[in-house]
Amino acid sequence: MEKDSIIGTRNDQRLAISKKDIKEINQNKTGATVILIGGTVGLLVITYIIADTMRALGEGFGLAIGGQ
């Protein structure tokens with residue numbers, strides 16, 4: 001970085017970009033997306049397990065109360 005430009009290389013060629021020509025900087029947020037999707041899938045799996053367990057418990061108590 002220099003006072004008024006950013007200097008780097010691309011394909012072994014020198015590249016300089018004026019800071020005033022940069023309108024916005026976009027950052028890759030792949031990690032956040034992966035974490036969000038993983039958390040959502042985990043939440044769905046846990047919800048299914050809890051619902052299935054509650055259904056099985058309900059059936060068990062229903063049979064016990066019904067005298068079977």
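If the condition is being open to solvent by 100 Å² or more (accessible area, probe 1.4 Å) and part of a strand (DSSP E or B), then segment 1-16 contributes THR9, ARG10, GLN13, ARG14. Does ILE65 satisfy the condition of being surrounded by fewer than 10 Cβ atoms within 10 Å (Cβ to Cβ) and either in a helix (DSSP H, G or I) or small (Gly, Ala, Ser) (or both)? Yes; evaluated as a whole, the condition is true for this residue.
In the set (1) among the small types (Gly, Ala, Ser); (2) in a helix (DSSP H, G or I); (3) surrounded by 10 or more Cβ atoms within 10 Å (Cβ to Cβ), the condition left unmet by GLY31 is number (3). Against the criterion of being surrounded by 10 or more Cβ atoms within 10 Å (Cβ to Cβ) and among the charged types (D, E, K, R), LYS19 qualifies. Pairing each residue of segment 32-49 that is at positive phi with any residue that is open to solvent by 80 Å² or more (accessible area, probe 1.4 Å) and acidic (Asp, Glu), provided the two are 6+ apart or on different chains, yields no C-beta distance under 9 Å.
The values are calculated or read from the model by the stated rules, or taken from the named source; none is laboratory data. These figures come from a predicted structure and were not determined experimentally. Here the Cβ is made from the backbone with ideal geometry for all residues, glycine too, and neighbour counts use every protein chain on show. SASA here: full protein model, heavy atoms, side chains in, ligands and nucleic acids out. Shrake-Rupley method; radii C 1.70, N 1.55, O 1.52, S 1.80 Å.
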